[in-house]
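Let me begin by presenting the structure, written as structure tokens, before commenting on it.
The values are calculated or read from the model by the stated rules, or taken from the named source; none is laboratory data. What you see is a predicted model, and the numbers here were worked out from it, not measured in a lab. Every residue, glycine as well, gets a Cβ built from its backbone with ideal geometry; the counts of neighbours run over all protein chains shown.
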Amino acid sequence: MSQVIVKPIITEKMTAISEDQNRFGFIVDIEANKIQIKDAVEKLYGVNVEKVWTMRYAGKSKSRFTKSGLISGKTAAYKKAVVSLADGETIDFYSNI
């Protein structure tokens with residue numbers, strides 16, 4: 001299996017949840033389970049994960065009209081995980097910038 005964590009979710013909504021509820025979001029491999037996600041986050045960031053929620057999103061079909069005609073395609077399917085950390089722990093996504 002490839003790398004479990006693809007990238008962190010850094011949006012305005014997820015940042016607000018992180019500050020209020022100490023929960024952090026990640027785009028993860030679509031085949032990863034909750035145990036693998038928990039181990040990957042703990043190993044990568046050195047924190048204790050209490051709970052993991054996962055959501056699967058199916059790809060949507062999209063089409064648009066252009067000069068050359070109708071172009072059809074599909075967006076990629078992905079899996080999102082939200083992890084809750086132990087009290088007093090946090091993840092700083094901006095430390096490497």
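Take the conditions (1) at pLDDT 95 or above; (2) within 15 Å of Lys7 (Cα to Cα); (3) not hydrophobic (A, V, I, L, M, F, W, C); Glu50 misses just one of them, which is (2).
Is it the case that some residue within the stretch 56-71 is of a type in the set (A, V, I, L, M), crowded, with 16+ Cβ neighbours inside 10 Å and in contact with a strand residue (DSSP E or B) (Cβ under 6 Å, 6 or more places away or on another chain)?
At the first step, the residues of the stretch 56-71 found to be of a type in the set (A, V, I, L, M) are 58, 70-71.
If we keep only those that are crowded, with 16+ Cβ neighbours inside 10 Å too, we end up with none.
Checked the stretch 56-71: no residue is of a type in the set (A, V, I, L, M), crowded, with 16+ Cβ neighbours inside 10 Å and in contact with a strand residue (DSSP E or B) (Cβ under 6 Å, 6 or more places away or on another chain).
Taking every residue in the stretch 38-62 that is more than 12 Å from Ala81 (Cβ to Cβ) and pairing it with any residue that is at pLDDT below 95 and of a type in the set (Asp, Glu), at least 6 positions away or on another chain, the pairs with Cβ-Cβ distances below 8 Å are Val47/Glu89; Asn48/Glu42; Asn48/Glu89.
Here Ala32 meets each of (1) under 13 Å from Ser84 (Cβ atoms); (2) within 15 Å of the chain's Cα centre (by Cα); (3) not polar (S, T, N, Q) with one exception, condition (1). Summed over the stretch 77-97, residues that are more than 12 Å from Gly25 (Cα to Cα) and at pLDDT below 95 total 10.
Counting only residues that are without any contact (Cβ under 8 Å) to a residue 24 or more places away in the chain and surrounded by 15 or more Cβ atoms within 10 Å (Cβ to Cβ), the stretch 19-32 holds 0 of them.
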